[in-house]
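The values are calculated or read from the model by the stated rules, or taken from the named source; none is laboratory data. Nothing here was measured: the structure is a model prediction, and the numbers come from that model. With ideal geometry, Cβ positions are generated from the backbone for all residues, glycine too; neighbour counts draw on all protein chains shown. What goes into the accessible areas is simple: the full protein's heavy atoms, side chains included, and nothing from ligands, DNA or RNA. Shrake-Rupley method; radii C 1.70, N 1.55, O 1.52, S 1.80 Å.
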Amino acid sequence: MAVPGITPDQFTPDEVRTLSPYFTNTDRPVFGLTQLPETVKGALFARYSRSAKSLRRLFLDEFAGELIELGPAPVAAVGSSRADKLYARVLGEYGDDSVAQLGSEHPACEGVSNVLTKVLEWGRLMAYLEQSTRYVPYTDRPDGRWKYHVPAELEGSPLRETFVDTLDRAFEAYARWIPALEAHFRLKYPKAPEDSDGVYRSVIRAKALDTLRGLLPAATRSNVGLFGTGQAYEALLLRMFAHPLQEVRAHADAMLAELRLIIPAFLTRIDQPNRGGVWIEYLANTRRAMQSQAEQVLDGTDAEPRPEVVLADFDPDGEAKVVAAALYAASTLPDDQLMAIARRLSADDRAALLRAYVGQRANRRHKPGRAFERTTYRFDILSDYGAFRDLQRHRLLTLEWQPLSPRHGYTEPAAIEEAGALADWREVMDRSADRYEARAAHGLPEVAPYGVAMAYRVRFYMEMNAREAMHVIELRTTPQGHPAYRRVCQLMHRAIADVAGHRAIAEAMSFVDHSDVELERLQQERQMEKKRQLNS
């Protein structure tokens, strides 16, 4: 189907030959950019916003000349010099940060601690993939060492030896109990006749690793892949350079060096003293000042007991607001008038309107519209660090966490006692707590969390609108999910219905799964095997 109302530019045969490697077509108004470096793509769009010319004409007039001048230069060089100069001028002279949203890159950070992964995965407008503790057993010993990070801050300190000894013992217990837990689960969950050996092995292995991951410390090394825009990387690197941990700052240096090989123009401000320098100083100074003030205000105050999940804040009028927002696009009435109408409706009438707005969802990817963004929920959560790691990666919400410590206690899966691993589990937990307190007492509060086992609880909050709550809760309660975060999200769903009283909104989350699941990965592995058989 032709795009109406637009007449594409006409190009000469020579121009077509120049354009063809870099554009998906030269004769239609809708096209893609190919084989161009990210800075060139971004620069083209930056000029595009301030020019009456078409994008392909801009490329011919302002960028392709370099290709002719350079002759058979690599594709990556096409227009790079002009693009870099344009970015420097736009960013430096005009401060137009939106330009830095127009280019992107895929760096990877390998062998980083789980402490650092949380720093890397902070930004909302980025995407991340992290090595799984469910499918990857941490039993390899490259160069004869278990996979954990030893903080540089401990070099030359007697605490280093006890840190290494404590983490070695934790990894040894973890590796030793994997075969025993697999044997335990094979006895508890015999193989079904319809399951292949491959499906059964995979499910049992995942169950054992899920159960034992609480033994792993926060210093455990992981691999993280990132994707983001130049603007997102600038923000990430500024935060990293202002961070108190040496591991974080060292990786900021390494990431900056690599990103400058690919998208250098996006990152020119980071180490300029009067730009990135004062920004980094601002972030570091405010963190230190706030920490100092908080210590004075909260000194001597102990934490009161709370359930695992608390709906700490919500709007009692939230469901009526969602109804009013749903009516907005279907009417010509002003917002406040619609709100008054929604308040007068009965609960049944509001529920009927929301059912119509949500429609017949065939699967959890079918989401209602933005009316569900009209109300929010703030959950205060106290869960094990492993569950926090999984929930922290959700993007379109506000999330903050407190420092990891052993002071909130730890979780203890029932299978640990059933399999006879309870004594080893508790020994790892006790050593983890003792060594944490030793590091904190030596003036290393930022370093202390590295050695804390992931079974220990951490407090964090998640504040999100109802649309994002639907996404998070439905996704994280699927049967293949880890029991720890499934339980957290099941409690969130109940709180929306019972504490907030937003029963129609909770009802719209029709793919929330409240069932008890024994072998979490079984159905998923069965489905994956069927797909493999169909494709073979």
* Do you know which of the residues in segment 373-409 that are open to solvent by 60 Å² or more (accessible area, probe 1.4 Å) and more than 23 Å from the chain's Cα centre (by Cα) is farthest from A506 (Cα to Cα)? -> R407
* Asked: Got at least one residue in segment 22-45 being hydroxyl-bearing (S, T, Y), open to solvent by less than 20 Å² (accessible area, probe 1.4 Å) and at pLDDT below 75?
  -> yes
* Structure fact -> When every residue in segment 129-147 that is modelled with pLDDT of 85 or more and touching a Lys or Arg at 6+ places or on another chain (Cβ under 6 Å) is compared, the one nearest to L212 (Cα to Cα) is Y138
* Asked: Among the candidates D424, D434, D430, D498, which residue alone is of a type outside the set (K, R), open to solvent by 10 Å² or more (accessible area, probe 1.4 Å) and within 30 Å of P316 (Cβ to Cβ)?
  -> D498
* Any idea which residue in segment 337-372 is surrounded by the fewest Cβ atoms within 10 Å (Cβ to Cβ), counting only those that are over 18 Å from M470 (Cα atoms) and small (G, A, S)? -> S346
* Structure fact -> Considering residues that are more than 26 Å from the chain's Cα centre (by Cα) and open to solvent by 40 Å² or more (accessible area, probe 1.4 Å), the number found within segment 269-280 is 6
* Asked: Could you give every pair whose Cβ atoms fall below 6 Å, whose first residue belongs to segment 356-376 and is farther than 21 Å from T478 by Cβ, and whose second residue is among the charged types (D, E, K, R) and assigned to a loop (DSSP other than H, G, I, E, B), counting only separations of at least 6 or pairs across chains?
  -> T375/D315
* In segment 306-323, how many are open to solvent by less than 40 Å² (accessible area, probe 1.4 Å) and closer than 16 Å to A508 by Cβ? -> 5
* Asked: Taking segment 462-495 only, how many residues are over 20 Å from Y385 (Cα atoms), outside any helix (DSSP H, G or I) and open to solvent by 50 Å² or more (accessible area, probe 1.4 Å)?
  -> 0
* Among the residues of segment 218-268 satisfying the criterion of being more than 20 Å from the chain's Cα centre (by Cα) and not in a helix (DSSP H, G or I), which is surrounded by the most Cβ atoms within 10 Å (Cβ to Cβ)? -> I263
* Can you name every residue in segment 168-182 that is touching a residue at least 40 places away in the same chain (Cβ under 8 Å) and open to solvent by 30 Å² or more (accessible area, probe 1.4 Å)? -> R169, R176, W177, A180
* **Condition broken by V115, with the remaining ones in (1) open to solvent by less than 40 Å² (accessible area, probe 1.4 Å); (2) assigned to a loop (DSSP other than H, G, I, E, B); (3) at pLDDT 90 or above satisfied** => (2)
* Asked: Does at least one position in segment 331-347 carry a residue that is in contact with a Ser or Thr (Cβ under 7 Å, 6 or more places away or on another chain), assigned to a helix (DSSP H, G or I) and not hydroxyl-bearing (S, T, Y)?
  -> yes
* Structure fact -> V199 passes all but one of the listed conditions (1) touching a helix residue (DSSP H, G or I) at 6+ places or on another chain (Cβ under 6 Å); (2) within 22 Å of H482 (Cα to Cα); (3) among the aliphatic types (A, V, I, L, M); (4) modelled with pLDDT of 95 or more; the exception is number (4)
* Is it the case that some residue within segment 444-454 is in contact (Cβ under 8 Å) with a residue 24 or more places away in the chain, open to solvent by 10 Å² or more (accessible area, probe 1.4 Å), touching a Pro at 6+ places or on another chain (Cβ under 6 Å) and not in a helix (DSSP H, G or I)? -> yes
* segment 149-167 residues that are β-branched (V, I, T) and part of a helix (DSSP H, G or I), paired with ones that are open to solvent by 40 Å² or more (accessible area, probe 1.4 Å) and at pLDDT 95 or above (beta carbon under 8 Å, 6 or more apart) -> T162/R435; T166/R431; T166/R435
* Structure fact -> By residue number, the members of segment 289-317 that are in a helix (DSSP H, G or I) and either in contact with a Phe, Trp or Tyr (Cβ under 8 Å, 6 or more places away or on another chain) or among the aliphatic types (A, V, I, L, M) (or both) are A289, M290, A294, V297, L298
* Asked: Which members of segment 348-380 meet the condition of being in a helix (DSSP H, G or I), out of contact with any Gly (no Cβ under 9 Å at 6 or more places or on another chain) and not hydrophobic (A, V, I, L, M, F, W, C)?
  -> D348, D349, R350, R355, R370, E373
